[in-house]
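All of the numbers you see were taken from the coordinates with simple rules; none came from a lab. In this text, all values refer to a predicted model and were calculated from it rather than measured experimentally. Note that each Cβ is placed from the backbone with ideal geometry, even for glycine, and that neighbours are counted across all protein chains shown.
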Amino acid sequence: GHPQHIAIQIFPYAKGRRLLLTRDVTTIELAEAMRRDFVANVSHEIRSPLTVIAGFIETLQTLPLQEAERAHFLELMRQQAQRMQTLVDDLLTLSRLEGSPIPDDSQWVAAADLLTEAGTQAQALADVLHAGQQTLVLQPGPALEVAGARGELLSAIGNLLTNAVRYTPAQGRVEAGWRLLADDEVEFYVTDTGPGIAPEHLPRLTERFYRVDRSRSRDSGGTGLGLAIVKHVAQRHGGQLLIESTLGVGSTFRLRLPPARVLVRERA
Ligand code: ADP
């Protein structure tokens, strides 16, 4: 636990008499410390790509470069600008999710559509990162619809899938799908044969900007906000995010959602 912080106020209310008021301000101080950490993190995440871009601009302005070199520097600058854009998009998403407790425009969404759409994006990323070598398997479950905000659910499943693709090496395998649980609850799962996550990191994984391996996560294009977004989406939908992982074996992320509208019952 954290040390307790007590605020003490002393009121002299009569000659020689004082009233002592104590108030536990531990949670207030913790919230304030978290806010400061968050601002420091955001500033740092924005400053690094900016520094790189500024450096390349200076290079382009001062050095006589061949056309191929110019093109190379411009491409590196584009990548850094893209990184900042993704970061700002994720920050806005997170701030919207934290601002209201319920999903906007809740509707019935077909599980198959969510998996297909998120899967298509993940496949495109896998092709770029792993030259089409990684095995990505989409395993459809029973025909059903889940209640929720389409965009939010898509970004949650998309985040889990892109993480799996990014952290799993080219020779590895990523599988995603959904299944029906007791009481018609639905579970989307994404499982990979990646590096796995040591148990001590698991409880903190959904914190904003928490990364197991800072530099590797950044190199792979992560903002450090993905799992925080997934957790918020899960909670807003009355569900939860479960993480299981074994170091050196792989990880499974499960997005549990409340009872679905089952369209076709499969026989057990
Ligand atoms: P990031 O943008 O860094 O991926 P996330 O919030 O999505 O941020 O994930 C937090 C951290 O959890 C990552 O930096 C990575 O260390 C770890 N992680 C997430 N998904 C996986 C995975 N499938 N396999 C191994 N590590 C993972």
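Only Lys, Arg, Asp and Glu carry charge here, each on its Cβ (+1 for the first two, -1 for the last two); on that basis the chain has a dipole of about 1020 debye about its Cα centre. For the chain, complete DSSP H runs whose alpha carbons reach 20 Å or more along their own long axis and whose mean Kyte-Doolittle score is 0.0 or higher are 26-62, 111-130, 150-167. For the chain, the normalised intensity computed at q = 0.09, 0.11, 0.16 Å⁻¹ comes to -0.54, -0.74, -1.27 (log10 of I(q)/I(0), Debye sum over alpha carbons, equal scatterers, no solvent).
If the elastic network links every pair of Cα atoms under 10 Å, which of HIS237, HIS72, HIS130 fluctuates the most in the Gaussian network model of the chain? Most flexible of the set in this elastic network: HIS72.
For THR120 and THR27 in the same chain, what is the full-extension length gain: residue separation times 0.36 nm, less their Cα-Cα distance, in nm? The partial results should precede the final answer.
Values: separation 93, 0.36 × 93 = 33.48 nm, distance 4.31 nm.
Extending this stretch completely gives an extra 29.2 nm.
Look at the alpha carbon pairs under 8 Å that are at least 6 residues apart: their mean separation over the length of the range 180-241 gives a relative contact order of 22 percent. Just name one of PHE209, TYR167, PHE11: the one whose Cα is farthest towards the positive end of the charge dipole of the chain (beta-carbon charges, Lys/Arg +1, Asp/Glu -1). Final value for the positive-end residue is PHE11.
Compute, for the range 1-152, the length of the dipole vector about the Cα centre, with Cβ point charges of +1 (Lys, Arg) and -1 (Asp, Glu) only. Units Debye, rounded to 20. Can you show the working numbers first?
Values: 12 positive and 19 negative charges, 245 e Å.
Taking the Cα centre of the range 1-152 as origin, the dipole is about 1180 debye.
State the answer as a single residue: which of LEU21, PRO64, GLN235 lies farthest towards the positive end of the charge dipole of the chain, with beta carbon charges of +1 for Lys and Arg and -1 for Asp and Glu, about the Cα centre. Projecting each Cα onto the dipole axis, the largest value belongs to LEU21. Give me P(r) over the range 34-85, computed from all C-alpha to C-alpha distances, binned every 5 Å, as integer percentages. Final binned percentages: 4, 20, 23, 18, 14, 9, 6, 4, 2, 1. Just checking the listed ones, PRO199, PRO64, PRO49: in the Gaussian network model of the chain with Cα springs under 10 Å, the one fluctuating most is PRO64. Remark: the range 157-268 carries a charge dipole of roughly 280 debye about the Cα centre, counting +1 on each Lys and Arg Cβ and -1 on each Asp and Glu Cβ.
Compute a Gaussian network model of the chain, connecting alpha carbons closer than 10 Å, and tell me which residue from LEU76, LEU60, LEU19 fluctuates the most. Per the Cα network of the chain with a 10 Å cutoff, LEU19 tops the list. Once the C-beta distance of ARG70 and ASP113 is scaled by a Förster radius of 51 Å, the resulting FRET efficiency is 0.75 to the nearest 0.05. Along the axis of the charge dipole computed for the chain (Cβ charges of +1 for Lys and Arg, -1 for Asp and Glu, origin at the Cα centre), the listed residues SER245, ALA176, HIS44 are led at the positive end by HIS44. Overall, the anisotropy analysis places the range 128-184 in the prolate class: the square-rooted eigenvalues a ≥ b ≥ c of its C-alpha gyration tensor yield a/c not less than 1.5, with a/b exceeding b/c. Each principal axis of the Cα cloud of the range 12-125 was taken in turn, and the coordinate range along them, longest first, works out to 86, 52, 18 Å.
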